[in-house]
Amino acid sequence: MKQTNKTILYLIFLSLVCWGRLLFLEGLWSEDWVWLSLYYKTDTINQFLYQFLSFGHTLEGLIDYFFFSMFEYLKEDTTWVWNIIKFFFITLNGILLYLIFKNLLRYKTILPEIIGVIYMVSPVVHVLWVLQIARTIFMSFFLLSVLFTVITLNKKRFYWSYYLGSIISMTLAMLGSETFFFFEILRPVIIYYIFSTTNGLNYYNKLKSTLLHWSPYILICIIIMLYTLTAPVFGSNANTYRPQYLSILDIFNQVFFAYVNSIYVIFIAVYKQLIGLSLVQGDTLTYLFSFFAMFITIIRLLNIKEKGEVQEEELREVKVVMIFGLLLIIAGIFPYAAIRGTIRTFNGSRHALQASVGVAVLVPSTLLYLYYKNIITKNLFKVFFIIIVLLDVCACNAITVEYALMWQKQQSFWWQFVWRVPDLKKDASIILDVDCKASVINQEVGGVSHNTLNILYANSRGERGFGTHYVGYNQYQDIKDYIEKDASRIPIYTDTLLESLSYNTNNMIVASFRDGVLSLNGDIDYTETIKCVNNNPIVKKSNSNCIVINQNKKSFPFRSIIGHEPVIIHTYSPLMNRIRGKLLPSNDLKKDWIYYYQNAKLLSARKDFSSIVKLYDETKSPNQYMNEDLTKLPAEILVPFIQALYIKKDYTRGSSLLWQWAMYYNGSLKKALEIRDNILMIGENIDAAKILDKDIKEVW
């Protein structure tokens, strides 16, 4: 097998151990919900593209529209297919980068391979949104363009097909993101380097040939940049991609400090955050993949040249690559430093897409240069490189696992909400009470928002079928102020589209989501748990009547966005779900006691106690796992079942469940008396209340 093919297989292997879990990942996060909401809220592709046109990213909008339209055909499996596509382009980019330097460099060294390795395992860009797929595709176009340029000029015969393919690929990348302009201005360096190996050309002829071959590229880039800069901007993102400076000093301050912070993030903060995350979220597979990658890398590094075999020209070439890598980092950071500010970790890492290429070039070339210059030994070079691979593989796996866990939390919340809330009255608002111990990345990639809520309860695409519900996170002070002023609405401007929504203070639901259980309007007592904010005053202002409990089989066609509905706990899972459960921890949601509780609460609101008893019967065959699961859940889980059994005069089982609840499942006298009082309030159940009262006295 040729060395090139061996290297490509090695790169694919590294991609699998780093990002292979993407092949089984599902989910939507953060800004994905904003644009998916826009997709369902608009009737036509032109309406959807209007927002992208407003800041000059029409091609990105077309790609995103295509991905969102997959929901119509692939339903619940759509996001899984997205991540397969994402994995393919991440892998492709690493291979393209390797092939560029393999065809570009004159001397056969290990440098092209280790450049491809560092890019493949790099966690610098660790945002896994569907929106990032389009940007990764644009990077593929640009790298393909550079590869075609190198192949064209390295051949003895000029291949017009490669040259035209290179120009077209570059144009597509530029149409996708104008930030590639700053990468494009470095293409002459590559072209000149290729011509510098040609005998018989003086400096003037090399420069002339370089400019001649580069002229179509730069001409197209200038046209696209002029159009972007002169095109009218409008909408909520009008000023997002335009520099807003007051003076030359402002320019210097923003760009300089953005560069300093971005470099710190790329080389230090990313690793500080993600390695810490890998220690928390790292599982057996994470460490197994990391050490397996380390072992294969050790074998690959056996082919590295000894210092004595290195020629002076070869050393100079490595130095040139090192400087070129630094230029790539500078060019990659500049558009964001000038317009958007510093590159950040987590969601802000998407702005490091171009800079990550420079990192992949600079780091290995610097290590190799230090080795060739006798500054570090061969063994030390290997140690540094292996440690980088080891840590990067850990970080990439940890971030994928974290996204999987966040998706599971979103799914759990929304399925419980859908089970519990058949429909909502117009303009109902949800105030979310979340765990104040949530990690930073939990907050950044979470997706419990009004966008998701409005899609789930939409009747059809377009404004007419779309709701205007709002979800707010613990914004109690704002609500309190408006309630005291007797204001019926609280104006809110939301997300990147700056939608104008509002809280309806007469139609508020307080949704608490702690320890994986959804509670509405305080029906689970959290007084003994740590809270971010005491929500009891707002719960008193909540309105359960804005939940439509008797919904006439209304159709909600877009529920597939939250994935497959969890199956009954004892149902045999499909093969793919079982594989996901092994590769992505806790990814196989089940209908357990939480499912039965949420349905029982809905049936209680309907006063359908016979159906609650039937639900309880379902839990008893078999019941081993179900009972074990109960010990970890709030005491309120069994309350609707105890109440229903007594109301339906099934006193034997009601008493038995009451005893179990008191002895094993956190039942208390206070909650038992509340059950008795509820039975009395329902009416015509005085005998049931008396018998329950007698049983309560025997237990407590």
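Values for this structure:
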quantity: Entries in 2/382; 86/591; 425/601; 102/272; 426/541; 2/206 that, when Cα-Cα distance is taken, lie over 22 Å; calculated: 2/382; 86/591; 102/272; 2/206
quantity: Sequence-distant residues sharing a close amide H with residue 548 (under 5 Å, placed H); calculated: 423, 424, 425
quantity: Rg(Cα)/(2.2 N^0.38 Å) for segment 147-201, N = residue count; calculated: 1.23
quantity: In segment 151-208, trypsin sites (Lys or Arg not before Pro) in a DSSP loop with at most 15 other beta-carbon atoms within 10 Å; calculated: 155, 156, 157
quantity: For segment 260-268, Karplus couplings with θ = phi - 60° (6.51, -1.76, 1.60), whole Hz, Gly/Pro x; calculated: 4, 5, 5, 5, 4, 5, 5, 9, 10
quantity: Residues with amide H under 5 Å from that of residue 591, placed H, sequence gap 5 or more; calculated: 567, 568, 569
quantity: For peptides 50-60, 24-34, sequence by mean Cβ density within 10 Å, most packed first; calculated: 24-34, 50-60
quantity: Cα-based shape type of segment 283-376, given that a ≥ b ≥ c are square roots of the gyration tensor eigenvalues and the cut on a/c is 1.5; calculated: oblate
quantity: Among 158-166, 604-612, the order from most to least packed when residues are scored by Cβ within 10 Å on average; calculated: 604-612, 158-166
quantity: Among 266, 391, 334 the positive-end extreme of the charge dipole of segment 256-407 (Cβ point charges); calculated: 334
quantity: Protection proxy ranking, peptides 590-602, 455-467, 347-359, average beta carbon neighbours within 10 Å, highest first; calculated: 347-359, 590-602, 455-467
quantity: Trypsin sites (Lys or Arg not before Pro) restricted to segment 1-66 and DSSP loop, no more than 15 other C-beta within 10 Å; calculated: 2
quantity: Assigned charges on the beta-carbon of Lys, Arg, Asp, Glu; segment 317-432 dipole about Cα centre (debye); calculated: 100 debye
quantity: Sites residue 380 and residue 260, calculated FRET efficiency, Cβ-Cβ separation with R0 35 Å, nearest 0.05; calculated: 0.75
quantity: Amide H within-cut-off set for residue 472, under 5 Å, with H built and near neighbours excluded; calculated: 430, 431, 432
quantity: In order through segment 15-32: 3J(HN,Hα) via Karplus (6.51 cos²θ - 1.76 cosθ + 1.60), integer Hz, x for Gly, Pro; calculated: 5, 5, 6, 8, 10, x, 5, 4, 5, 10, 7, 10, x, 10, 9, 6, 5, 3
quantity: In Hz, Karplus ³J(HN,Hα) per residue of segment 609-616 (6.51, -1.76, 1.60; θ = phi - 60°; x = Gly, Pro); calculated: 6, 4, 5, 5, 4, 5, 4, 5
quantity: Accessible area in the full protein assembly, largest first, 1.4 Å probe, for 260, 265; calculated: 260, 265
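The values are calculated or read from the model by the stated rules, or taken from the named source; none is laboratory data. Note that the structure is predicted; figures quoted are calculated from it, not measured. Ideal geometry is used to build each Cβ from the backbone, glycine not excepted, and the neighbour counts take in all protein chains shown. Note: accessible area is taken over every heavy atom of the protein model, side chains too, but ligands, DNA and RNA are not part of it. Shrake-Rupley method; radii C 1.70, N 1.55, O 1.52, S 1.80 Å.
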